[in-house]
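Here is the structure we will look at, set down as structure tokens.
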Amino acid sequence: MSALSIDDLRRVLVECAGEAEGAEFDGDGRTFEELGYDSLALIETAARLKQRYGIDLDDGDVMAAETPAALLSLANAAARS
Amino acid sequence: MSGPAVRPAPAGHVPTVVTGVGVAAPNGLGTEEYWRNVLEGRSGITEMTRFDASGYPFKLAGQITGFVAEDHLPARLLPQTDVSTRLALATADWALADAAVEPGDGENYDMGVITSNATGGFEFTHREFHKLWDQGPSYVSVYESFAWFYAVNTGQISIRNGLRGPGAALVGEQAGGLDALGHACRTVREGTGLVISGGVDSALDPWGYLSQFAGGLVSAESDPRRAYLPFDAAAGGYVPGEGGAVLVVESAEAAERRGAPRIYGEIAGYAAAFDPPPGSDRPPALRHTAEQAIARAGLRPGDIDVVFADAAGVPRLDLAEAQAISGLFGPGAVPVTAPKALTGRLYAGGGPLDVVTALLSIRDGVIPPTAHTSDVPGSYGIDLVVGEPRALPVSTALVVARGRHGFNAAVVVRAWTN
């Protein structure tokens, strides 16, 4: 499959946990915390990535990803392996 | 008087007052819309429209229509909240705005949240169960972990408003909403400046709605005007509803110090008691509960201007309540009413909504009627307000609530005069 884009990730996040607070995220340096997404939002997102894209991520790695860009590269690395 | 001694009002009493209210009821969103509809006899009980109930033996519900969660709450909260919690969050917002309280910086340890809930997040859970069986466990929302839970309204109100003082959730079936208010007053007396309190419930999804019939007390009548007739000779059960009320409770001193825009009244007394087991020859605890609440307000039964009844709509329960009231006050000695005939029974939301209604009765000097009821058996010995509202100066009201399997709670509110 082609690599997951930041827009794909954003779509999944919003589906799982609603729109970000304040500004939309666009892959800049803003952290999940700054965007208002907590650990539950990330776990929910990881479950959805597995269902939809077959990307299997470790919960601990997901929680350690501080920004959408970090989660995106984690997901794409897992998809390639 | 028989039974245990009545405890007097505590020494060094700290008056607790209501400075803001929010209402979400089947016959009105917002306090004034609800109150107008109560006085005009507009009912929120209709045929179930939220889902296809054609396969159900019962068809009626007190549904809140016209509440669009997106208009009241940030999008972030929608995937993680049941309809009951969305209603609770909006109602709490309205109560805080009414009290002109802006919680502020999110580090507020002097404001707490104490709510009651009886049914949890049924609709949310119903959906997740569907996913569990249809698609598998990994499809169940992580938010199910708290969205179903009785304490979730307290938690979400606390988080949304940054209220970090004492938090609690009380579960007392349909009496629990009054228990929450009682505990809120206790918490204020112990030194917390302000407590958001009350109760909101909703269980009108296909599974929650069905579950309510298990108790065997829901009316099978299909005419919305005949289905819930508290204290009527033709009473045949109740109609389940959704919603409730949230109140801002403060010490009178704190309210005055911050210049609260209004004081609806004082929560002057609260008591709770549990019924004896079935088959006991001891009487139900309702009368005792009411007596205790009145005594703790420093009052006597003759001081009470109106009773907001539990109003089960089930003949044996109506009779028991009528006997408790006529026994305590004397036959026909005090007006009794049940505005919940227009909303259905709101579980943990019912008591707090009745308390708000009682405070509005005090404010406007009018007792709303028990809609639809017309034929009260003389043997009940109560003066039930039916037909039109009764204009009457009201300075003190007793609100009682019962929950299934023995819960009883009572609150006394009175006009605030300093």
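Coupling constants for the range B:283-295 follow from the phi torsions by the Karplus curve (6.51 cos²θ - 1.76 cosθ + 1.60, θ = phi - 60°), and in residue order they are x, x, 8, 4, 4, 4, 4, 5, 4, 5, 5, 5, 5 Hz; glycine and proline get x. Hey, could you get me the Stokes-Einstein D for the protein assembly as shown, Kirkwood radius over alpha-carbon pairs, 20 °C and 1.002 mPa s, rounded to whole µm² s⁻¹? Answer from the Stokes-Einstein relation: 90 µm²/s.
Report for chain B the percent antiparallel among DSSP-assigned beta bridges with both residues inside it, nearest 5. In chain B, DSSP labels about 65 percent of beta bridges as antiparallel. Assuming a ≥ b ≥ c are the square roots of the Cα gyration tensor eigenvalues, decide whether chain B counts as rounded (a/c under 1.5), prolate (otherwise, with a/b larger than b/c) or oblate. Here chain B falls in the oblate category.
Close amide H pairs (under 5 Å, H built 1.01 Å from N) link B:Gly167 with B:Val113, residues at least 5 positions away or on another chain. Just to be sure I understand: of the beta bridges DSSP finds with both ends in the protein assembly as shown, what percent are antiparallel, rounded to 5? So the antiparallel bridges amount to about 65 percent of the total. Principal axis extents of the C-alpha atoms in the range B:359-418 (largest first, rounded to whole Å): 40, 31, 18. Starting from the Cα gyration tensor of the range B:275-417, take the square roots of the eigenvalues, sort them a ≥ b ≥ c, and report rounded, prolate or oblate (rounded when a/c is under 1.5, otherwise prolate if a/b is larger than b/c, else oblate). It is rounded, given that a/c, with a ≥ b ≥ c, falls under 1.5. Applied to the range B:43-58, the Karplus parametrisation 6.51 cos²θ - 1.76 cosθ + 1.60 on θ = phi - 60° returns per-residue 3J(HN,Hα) values of 8, x, 8, 9, 5, 4, 10, 6, 8, 6, 9, 5, x, 9, x, 10 Hz, with x for Gly and Pro. In terms of overall dimensions, the range B:257-304 has a Cα radius of gyration and Dmax of 15.8, 53 angstrom. Each residue of the range B:276-360 gets 120 Å³ once the volume of the Cα convex hull is shared out per residue. Averaged over peptide B:132-142, the number of partner chain Cβ atoms lying within 10 Å of each residue's Cβ comes to 3. Remark on the range B:226-341: ratio of C-alpha radius of gyration to 2.2 N^0.38 Å is 1.27.
Backbone geometry of the range B:401-418 corresponds, through the Karplus equation with coefficients 6.51, -1.76 and 1.60 at θ = phi - 60°, to 3J(HN,Hα) couplings of 8, 10, x, 4, 6, x, 6, 9, 8, 9, 10, 10, 10, 9, 4, 8, 10, 10 Hz, x marking Gly and Pro.
Residues whose amide H comes within less than 5 Å of that of B:Val334, counting only those at least five positions distant or on another chain, are B:Asp383 (H built at 1.01 Å from N in the peptide plane). For B:Leu29, the residues whose modelled amide H falls within less than 5 Å of its own, excluding neighbours fewer than 5 places apart on the same chain, are B:Tyr34. In this rough spin-label picture, where each label sits 7 Å from Cα along the Cβ direction, the B:Leu132-B:Leu392 distance is 5.0 nm.
In terms of the mean number of neighbouring beta-carbon atoms within 10 Å, the peptides B:380-391, B:24-35, B:64-75, B:342-353 order highest first as B:342-353, B:24-35, B:380-391, B:64-75.
Projected onto their three principal axes, the Cα atoms of the range B:154-242 cover extents of 48, 29, 20 Å, largest first.
Projecting the alpha carbon convex hull of chain A along each direction and taking the average yields 4.6 nm². Mean partner shielding of peptide A:48-56, defined as the number of other chain Cβ atoms within 10 Å of each residue Cβ, is 1. Classified by the C-alpha gyration tensor, the range B:135-182 has an oblate form. Its axis ratio a/c, with a ≥ b ≥ c, is 1.5 or above, and a/b does not exceed b/c. Here the spin labels are modelled as points 7 Å beyond Cα on the Cα-Cβ line, and at B:Trp207 and A:Gln51 they lie 1.5 nm apart.
Each value in this text was obtained by applying a stated rule to the coordinates, not by laboratory testing. Bear in mind that the values here come from a model prediction, so they are computed numbers and not experimental data. All Cβ positions, even for glycine, are placed from backbone atoms using ideal geometry, and neighbour counts span all protein chains on display.
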